[in-house]
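All remarks here apply to the structure that follows.
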Amino acid sequence: MRKSAAIGIMCKAPRPGQTKTRLAAAVGPQRAADFSACFLRDVAAAIEAVPEAIGRKGYGIYAPAGAEAELRRALPPSFDLLLQADAGFGALLLNAARALLARHDCVLLVNSDSPTLPSAFLVEAVAALRRPGDRVVVGPSCDGGYYLIGLKSAHGRLFEDVPWGTSEVARRTFERAAEIGLEVARLPEWYDVDDAESLGWLQEELAGRSRRFRSGSAATATRALLASMAGAAK
């Protein structure tokens, strides 16, 4: 049977006032929702840039029900939607991993807040998971979280006792892996765009001025939004 990696984006419908609330404090609720939609499109494009020969399938993983039409507009037609129960974030990640591992040889769960996420990181993650032996792949974010977690077996302990939304997420995940004797493969650090500061990092990167983040994906949709904002400000 041909190997196929599931690459799922953990996403919400891009609705004003319900998404990117920290970023909304800087740019307003509607503009934050516009960014959210563009980020989804750009992360999905990074997934589609993974060579088909590797074997991969894109998913939008979401909760609660009722967001299907909005997500269909933001994601490519090739993506499937996977509804998960509106539970705690750790349970949501674990349940999504279990569901996708029933259909695929490995799974990557990716955040929706890194529009320039390099496709090369996804390729590296799949390659790490397909090496002999069990392991978890983690892509650490510079804020202490992670932008990606990859699995070939669903290890529930990785998602227990983790203070989601804090700077302790990656560290606690590494601790959980050590507890169960699970090898960790670390990807290069990247960043989420959650607030005014990280939006500035994104603008620097897209302008080619970032010393910290280079060789990211094109982020075509986000570039177009930023250009339209700049034009409107003139």
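The values are calculated or read from the model by the stated rules, or taken from the named source; none is laboratory data. These figures come from a predicted structure and were not determined experimentally. Note that we place each Cβ from the backbone using ideal geometry, even for glycine, and neighbour counts take in every protein chain shown.
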In region 203-223, the residues that are hydrophobic (A, V, I, L, M, F, W, C) and surrounded by 11 or more Cβ atoms within 10 Å (Cβ to Cβ):
206, 213, 218, 219, 221
One residue is enough: does region 48-60 have a residue meeting the conditions free of Cβ contacts under 8 Å to residues at least 12 places away in the same chain and touching a helix residue (DSSP H, G or I) at 6+ places or on another chain (Cβ under 8 Å)?
no
Being more than 16 Å from the chain's Cα centre (by Cα), closer than 30 Å to residue 132 by Cα and at pLDDT 95 or above is the filter here, so list the residues in region 178-231 that pass it.
178, 179, 180, 181, 182, 183, 184, 185
Of everything in region 81-112, what is in a loop (DSSP other than H, G, I, E, B), surrounded by fewer than 24 Cβ atoms within 10 Å (Cβ to Cβ) and touching a strand residue (DSSP E or B) at 6+ places or on another chain (Cβ under 8 Å)? Give them in sequence order.
84, 103, 104, 105
Residues in region 186-198: is at least one touching a residue at least 24 places away in the same chain (Cβ under 8 Å), within 27 Å of residue 26 (Cα to Cα), crowded, with 19+ Cβ neighbours inside 10 Å and of a type in the set (A, V, I, L, M)?
yes
